[in-house]
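Read through the structure below, which is laid out as structure tokens, and then see the notes.
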Amino acid sequence: MVKRLLLFLPLLSAVIFSFVGSATGRPAKPNIVILVADDMGWADVGYHGSTIRTPNIDRLQKGGAELDMHYVAPMCTPTRVGLLTGRYWSRFGNTKPSNERVLPWDIITLPKALKEVGYQTSIAGKWHLGSKPEWGPTKFGFDQSYGSLAGGINPWNHLYKHGPYSQTWHRNDRLIQEKGHVTDLLTKDALRFIKESKGKPFFLYVPYTAVHTPFDEPDKWLDRVKNVELERRQYVACLEHMDDSIGQIIDAINKLGQKDNTLVIFFSDNGGTNGDDSSRYPNTKAKGKIKGLNTPLRGWKSQLYEGGIRVPAIAYWPGEIDPIKVKALTHVTDWMPTICGLIGYDEKPDLNWDGLDIWPLITNKKEFENKRILYCKGVNGTYAALHQWPWKLIVGKGREELFDLSKDPNEKNDIAKKQRNIANSLKRLVDFEAARDNDKLP
């Protein structure tokens, strides 16, 4: 009798979760896959008119919700904080790339929330929220972890920048050494995790180091782009390599029979960059200037202009998300509230999410509106930006710039002097948000 009961329990659980999903009008316990590009420019995807071949990213866009005004931080670590906590990075005192531990030990991260409701969780990629093994992903909710504990790395020797965190390649927060190109290794591990999921709901987070400096692409990928200008060749090869890897992950999900039960999210962690810091990495030579293109948007990575913080973003789920272009303001902090809403994880009072549940937006169940406010503390906290459609204010170092994005999406005309009342009103909102920063330091 006991054996029969034990055999019946998993079936009973599945029925209960199915009922919960149907009662809320949302699917129960889908797999969650988040794919993040590093330093990819706004103009460097096929669906934005690029000559770079990104058929797999374009496949997601064609079949899913294209988030046309999706905002992130101007640099890597802060965006990852926002993704995994649902809060602005500045709430944790973070505004720039960090090798020190960024998150408090008791913070409820997205993977922790997912684990509470039965998910298996894995990261294959760039962590950069604390570069010591004792600050690694398994301490913050991931069952498995693999890749770089720090930031971007040499693609072949897997070393981070000169200094105490140079040795950074790891598995499950233990430093290791391996041979192989970083993009291929991360993809291989992601495919392994998918294959081993065995029907249990999973959360897979793949923050690629592509297309972050330094570059050293295999001949297979360089041979495809011989006609690209020399300065961009490595960048283009790196991006096409990553796109192919994304295709492998999507195909693996389909092969597993989980296509209709998997939410795939893709975005870049910040805008493209026009700099190169290859010399800061051990045994590394520059292979060509980095030049991610953000046109027609103004600005680059590290800046608060649209080119630094507005990025390509897609939510893809056949049968649940119809092809649509979402023109409302969305933000990287929205993903945790949205995913938690999907899986039935209730927001706890101490989470203090800044993000919103945007499921009604991406499933076209809510009419377009842009009433929300978005706040962004820039690198080193010297500048801040605030969106309140159609207005955008950038303040810092005694300067103010105001733009009407409905008429001037590329921020060519500063109208702060002409619209003094609006600038003052938005500045008060910036001050209000800034007063809420640093409330949960590590």
Between residue 414 and residue 175, what length in nm is gained on full extension when 0.36 nm per residue of separation is reduced by their alpha carbon distance?
-> 81.1 nm
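Can you tell me how much longer the chain between residue 425 and residue 397 gets when fully stretched, taken as 0.36 nm per residue apart minus their C-alpha distance, in nm with one decimal? Can you show the working numbers first?
On the way: separation 28, 0.36 × 28 = 10.08 nm, distance 1.84 nm.
Fully extending the segment from residue 425 to residue 397 adds 8.2 nm.
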Is there a pair in 112/200; 348/371; 200/440; 132/188 whose C-alpha atoms are over 28 Å apart, and which pairs would that be?
-> 200/440
For residue 43, enumerate residues with amide H under 5 Å from its amide H, sequence gap 5+ or separate chain, H modeled in the peptide plane.
-> 293, 294, 295
Phi-based couplings in Hz for region 237-251 (Karplus 6.51, -1.76, 1.60; Gly and Pro marked x) = 4, 4, 5, 5, 4, 5, 4, 4, 5, 4, x, 4, 5, 4, 5
Against the 2.2 N^0.38 Å rule of thumb, the C-alpha Rg of region 373-434 sits at a ratio of 1.01
Considering the chain as a Gaussian network with a 10 Å cut-off on Cα pairs, which listed residue, 278, 122, 268, attains the greatest mean-square fluctuation?
-> 278
Would you list 329, 293 from fewest to most Cβ contacts within 10 Å?
-> 293, 329
Residues whose placed amide H lies under 5 Å from that of residue 121, excluding near-sequence neighbours = 143, 144, 203
Mind telling me which of 94, 421, 154 comes out most flexible in a GNM of the chain, alpha-carbon contacts under 10 Å?
-> 421
Violations at 18 Å Cα threshold for listed pairs 220/287; 96/301; 259/325; 179/226; 29/259 -> 259/325; 179/226
Just how far, in whole angstrom, is region 133-186 from region 361-391 if you go by their alpha carbon centroids?
-> 33 Å
Overall dimensions of region 30-362 by Cα: Rg and Dmax, Å = 18.1, 55
Percent RCO, i.e. relative contact order, over region 360-424, from Cα pairs under 8 Å lying at least 6 residues apart | 18 percent
Take region 317-442, compute every pairwise Cα distance, and split them into 10 Å bins from 0; I just need the percent in each bin.
-> 11, 35, 32, 19, 3, 0
Could you state the principal axis extents of the C-alpha atoms in region 42-83, from the largest down, to the nearest angstrom?
-> 29, 21, 17
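Every number here is computed from the coordinates shown, using simple stated rules; none is lab data. All figures in this text were calculated on a predicted structure; none of them were measured in a lab. Glycine gets a Cβ as well: all are built from the backbone with ideal geometry, and neighbour counts include every protein chain shown.
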